Ligand SMILES: Cc1cc2nc3c(=O)[nH]c(=O)nc-3n(C[C@H](O)[C@H](O)[C@H](O)COP(=O)(O)OP(=O)(O)OC[C@H]3O[C@@H](n4cnc5c(N)ncnc54)[C@H](O)[C@@H]3O)c2cc1C
C-alpha cells in the first residue's frame with residue numbers, strides 16, 4: 001500500500017509525486033489517460049512572475065521559479081548522477097511591452113509593486129526595446145523586462161518528474177471512480193481496475209479537480225477556461241533569434257486577471273528549442289467545447305504579427321486547444337480538505353499550472369509529512385469557496 005495516491009499525471013500531479021518521493025514517501029500516480037493527457041499537454045511552458053499581481057500567487061510563483069531552477073540544475077546533473085534529465089528549461093526572461101504612455105505608466109506601477117514583493121524588474125525605455133528584441137515592431141512606448149521569467153517543455157517535464165524516483169509507481173489508463181472512506185477518513189481510491197488503498201489521497205485532477213472533490217461529497221468550483229495556441233513552422237535559420245524572450249503586451253496581464261466569460265485574446269509569443277514559435281493564447285469560458293475557432297486563431301495571428309512583423313512571412317502549421325482549470329478567485333486550491341480528512345487538493349491553477357507546479361508539489365508534500373510549509377497556505381485553502389458563498 002503506497003503512502004500516497006496522486007490522482008492526475010499532469011504537471012501538478014507529477015510535481016506532487018516528485019517531492020513526496022524525494023521525502024521518502026511511496027507514491028502511486030493514477031491517471032485515466034496518459035502522462036500529460038490533460039491540460040499539461042495542451043498549453044505553453046511559460047514560468048512567469050511577470051503576470052502575477054503582488055500577493056499569494058506572486059509569492060507562490062517566486063518560490064516555484066526558484067524550484068524550477070533547482071530542478072533544471074538537477075537535470076544538468078543527469079549524466080553524472082541519476083538526475084532528472086533535460087526538459088528544455090530556458091531562463092530567458094520575459095519582456096512586457098506597452099502600446100502607449102498610459103499603459104506604460106500602469107505597467108511601471110505594477111512592476112514597482114512586484115519589485116517590492118520580491119520580483120526582479122527592469123524598466124526598458126522605448127529606445128532600448130530593440131536591444132532585447134531586434135525584430136520587435138516599432139512604436140511601443142517602452143516596457144519592463146522580468147529576468148525571472150522562464151520556460152519549460154511541460155510534457156517532458158511531467159514525464160521526467162514522474163520517472164525520477166523509483167518510489168513512484170504510475171498507473172495510466174486507470175480512472176478513479178470513487179474514494180474509499182473508512183471511519184470518516186479517505187483511505188484510498190476506487191478505480192475501474194480495483195481499489196488502491198493509501199495513507200492519503202492527493203487530488204491533482206486539474207480542470208476535473210471539482211469532479212474528484214465531488215466523489216468525496218465536497219465542492220470545488222473549478223471550471224474550464226478554453227485557450228487556443230497557434231504553432232508556426234520551425235523557423236529558417238535566417239530568422240534565428242527572431243523571438244528571444246517571452247514577449248507579450250501589457251494587455252495580457254488584464255486578460256489573465258479578468259473574470260469575463262467572453263473571448264479575450266492577447267498574444268504571448270515565445271520561440272521553442274525545436275525552432276517553432278508558440279503564439280498563445282485566447283481565454284474564454286465555453287465549457288469543454290473543442291471546436292476549432294478560426295476567428296480566434298486569426299486574432300492571435302494578427303496580434304503576434306503586430307508584435308513581430310516578420311511573423312507575417314511565417315506559416316502556421318497547427319493549432320491546439322486546452323482547458324485551464326479556472327477558480328473564481330484565480331487562485332489554485334492547495335491543502336488538506338478539513339471536510340474530508342485524508343484528502344488533499346492540488347488543482348485549479350488556471351493558466352499558471354506549469355509555472356506553479358513545483359511549489360504546489362513541495363507545499364503539498366510538507367503537509368503530507370507534517371512539516372511546516374514555506375508559505376502560508378491560507379489563501380489557497382479548499383474550503384474558502386464555501387465560506388465565500390455563505
Ligand atoms: C492554451 C493554454 C496555455 C497555457 N499556457 C500556460 C503557460 O504558459 N504556463 C503555465 O504555467 N500554464 C499554462 N497553462 C495552464 C496549464 O497548462 C495548467 O494550469 C496545468 O497544465 C494544469 O496541470 P494539472 O496537472 O493541474 O492538470 P492536468 O494536466 O489537466 O492533469 C490532470 C490529470 O488528471 C487526470 N484525471 C482527471 N480526472 C481523473 C479521474 N477521475 N481518474 C484518473 N485521472 C483523472 C486527467 O486525465 C489529467 O491527466 C495553459 C493552459 C492552456 C489551455
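The values are calculated or read from the model by the stated rules, or taken from the named source; none is laboratory data. Bear in mind the structure is a predicted one, so any value in this text is a computation, not a measurement. No Cβ is skipped: glycine too gets one built from the backbone with ideal geometry, and neighbour counts run over all protein chains shown.
Can you pull out the strands (runs of 3 or more DSSP E) entirely within the stretch 84-182 that have at least 1 residues that are more than 25 Å from residue 62 (Cα to Cα) and out of contact with any strand residue (DSSP E or B) (no Cβ under 8 Å at 6 or more places or on another chain)? Working first, answer last.
Details: elements: 94-98, 122-125, 142-146, 168-171, 176-182.
Here the list reads 176-182.
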Being part of a helix (DSSP H, G or I) and modelled with pLDDT under 95: is that true of residue 358 here? no
Only one of 310, 271, 336 is under 23 Å from residue 61 (Cβ atoms) and more than 14 Å from the ligand (Cβ to nearest atom), namely 336
Considering residues that are crowded, with 19+ Cβ neighbours inside 10 Å, assigned to a loop (DSSP other than H, G, I, E, B) and more than 9 Å from the ligand (Cβ to nearest atom), the number found within the stretch 27-75 is 4
Inside the stretch 202-252, the number of residues satisfying the requirement of being part of a helix (DSSP H, G or I), surrounded by 20 or more Cβ atoms within 10 Å (Cβ to Cβ) and at pLDDT below 95 is 1
When you look at residue 345, is it within 12 Å of the ligand (Cβ to nearest atom), assigned to a loop (DSSP other than H, G, I, E, B) and within 26 Å of residue 224 (Cα to Cα), yes or no? no
The correct count of residues that are in a loop (DSSP other than H, G, I, E, B) and within 30 Å of residue 64 (Cα to Cα) in the stretch 183-201 is 2
**Prompt:** Restricting attention to the stretch 177-186, does a residue exist that is closer than 30 Å to residue 111 by Cα and either in contact with a helix residue (DSSP H, G or I) (Cβ under 6 Å, 6 or more places away or on another chain) or without any contact (Cβ under 8 Å) to a residue 12 or more places away in the chain (or both)?
**Reply:** no
